[in-house]
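Okay, so here's the structure we're looking at.
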Amino acid sequence: MNSARRERYLVGAGLILLLLVGAELLCHRPGAVSTIGSDERLRYFIGLECLAGAVYFGAVWLVRSGPLPARTAWLVLGLGFGMRVLPLVWPPFLSSDLFRYVWDGRVQAQGINPYRYLPAAPQLEFLRDNEIYASVNRSEEAPTIYPPVAQIIFAAIGQIWSSITMVKIVMAGFEAVTIVTIAILLRRAALPMAGVLVYAWNPLPLWEYAGNGHIDAASIAFIALAMLLASTARQGWAGLLLGAAILCKLLPAAVFPAFWRRWDWRMLATTLGVIVLLYAAYAVGAGWHVLGYLPGYAAEEGLDSGSGFFLLRAARQFVPLPAWTARAYLAVAAIALLGLAAYYMLGRPHPTTPGGRIIGIGRAGAVLATATTIALSPHYPWYLGWLALFACFAPYRSVIYLSVSGVILYVDPYHREAIYPWLIYGPALVLAAFDVAQAHRARTAPSMESR
């Protein structure tokens, strides 16, 4: 297929994605009282997202199957930004989390520590309304769970414009930062800039961040910027941004080993420093309540009982397991992840060129993030969207599949039925086996040719 023809296919893929997005929006029923969690809208959404995912896989194959004209990168960027306009202007319907963001910002605008009171506490009664407070989830039993940098972002929103629209604008802004930074990283790594499509056209970030305003967008932007600084050996500043990413969403701590250069303590010092200092700042007036709903959330998600882990639930479908297996699973998973972290921190060679460092961080981050995601098997789709960032630099089909297939979790987020998590993690594990085999062949090919 010549370049011009391939480009036309690429344009067609983008237009189909836009049509799918528009069709999904038609499922919205203006004026409906129960918009969030509507079963009818959910069915439409999941079906359309699966179609969008199929088109997305085709688009990824096109950009990775051979060289494309330079102007294709501008087409990819233009469509990536354009596809975010429609989700941005429509109300959120898949999650109510951003109402909590607005509430936390509103509380801080009054000079009150957000970790101190439940939303339903009488001390905050004067802030309640029918627009924001009425939609805050777990308002009577759960204090805020979001870490300090997320709270700083919410506080800024509370000072500027306390509304869900402002949350969506801010998260779309973080997405724009991510997309532009990925394009810069790809160029510095001498990779095709059209590869930014792997993130920019991924339907899951498209809806979860610009559409539903999840704070993950900020975390991913900070990780991308940390990659940019780490590629130029600015380890201290990279650690600062990585700490900010962790304080938006704790999960990015898993990819720290991808960034750390052996025996260079600047990154570790700045990452830990920003975490300790900001938690200490919010602990003033809140004490240990600064941890918020984190302990309760772990229990709610079944992390203590083991019911929340896909691999453990899968095993229980075939054999009865005693209660202690949850602790054993956590121990084995922790040892495996720590071993993987130790390899990337101490055992692998560190590239010396900026481009090599970008690719090295991207590929190591893809492995670490994917292993952590599969081990924890989160219940919400937006927890998987960050994988798309690393997939831009890593030729791993399993990572790309996981980054988009999380939409299936809307059918059965708590893994009550066996089939749905298998549709996500089953193919991902098979594809991971192919990725490992392909990587092994790539490593051994030179030695085989020399014989």
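What to note about this one:
- Positive-end residue of PHE99, THR370, TYR293, charge dipole of the chain with Cβ unit charges: THR370
- Only Lys, Arg, Asp and Glu carry charge here, each on its Cβ (+1 for the first two, -1 for the last two); on that basis the range 341-447 has a dipole of about 420 debye about its Cα centre.
- Equivalent-ellipsoid semi-axes of the range 309-405, from the Cα gyration tensor, Å, largest first: 29, 17, 8
- Between ARG441 and ALA253, the C-beta separation translates, for a Förster distance of 51 Å, into a calculated FRET efficiency of about 0.95.
- Rounded to the nearest 500, the 222 nm mean residue ellipticity of the chain from helices alone is -19500 deg cm²/dmol, with -39,500 (n - 2.57) taken per DSSP H run of at least 4 residues.
- Packing-based order for 315-322, 250-257, using average beta carbon neighbours within 10 Å, highest first: 250-257, 315-322
- In percent, rounded to a whole number, the relative contact order of the chain is 16, using alpha-carbon pairs under 8 Å and six or more apart.
- For the range 284-326, convex hull volume per residue from C-alpha positions, Å³: 64
- The translational diffusion coefficient of the range 87-180, from Stokes-Einstein at 25 °C and 0.890 mPa s with a Kirkwood hydrodynamic radius over alpha carbon pairs, comes to 181 µm²/s.
- Cα centre as origin, Lys/Arg/Asp/Glu Cβ charges: the chain dipole, Debye: 1660
- Sorted peptide list for 384-393, 358-367, 261-270, 91-100, criterion being average Cβ within 10 angstrom, highest first: 384-393, 358-367, 91-100, 261-270
- Share of Cα-Cα pairs in the range 216-354 lying beyond 25 Å, as whole percent: 43
- For the range 368-426, the fraction of alpha-carbon pairs lying more than 20 Å apart is 18 percent, rounded to a whole number.
Read-outs: derived from the displayed coordinates by stated rules, not from any lab. Worth saying up front: this structure is predicted, and the values here are computed from it rather than measured. For neighbour counting, all protein chains shown are included, and Cβ atoms are generated from backbone atoms with ideal geometry for every residue, glycine included.
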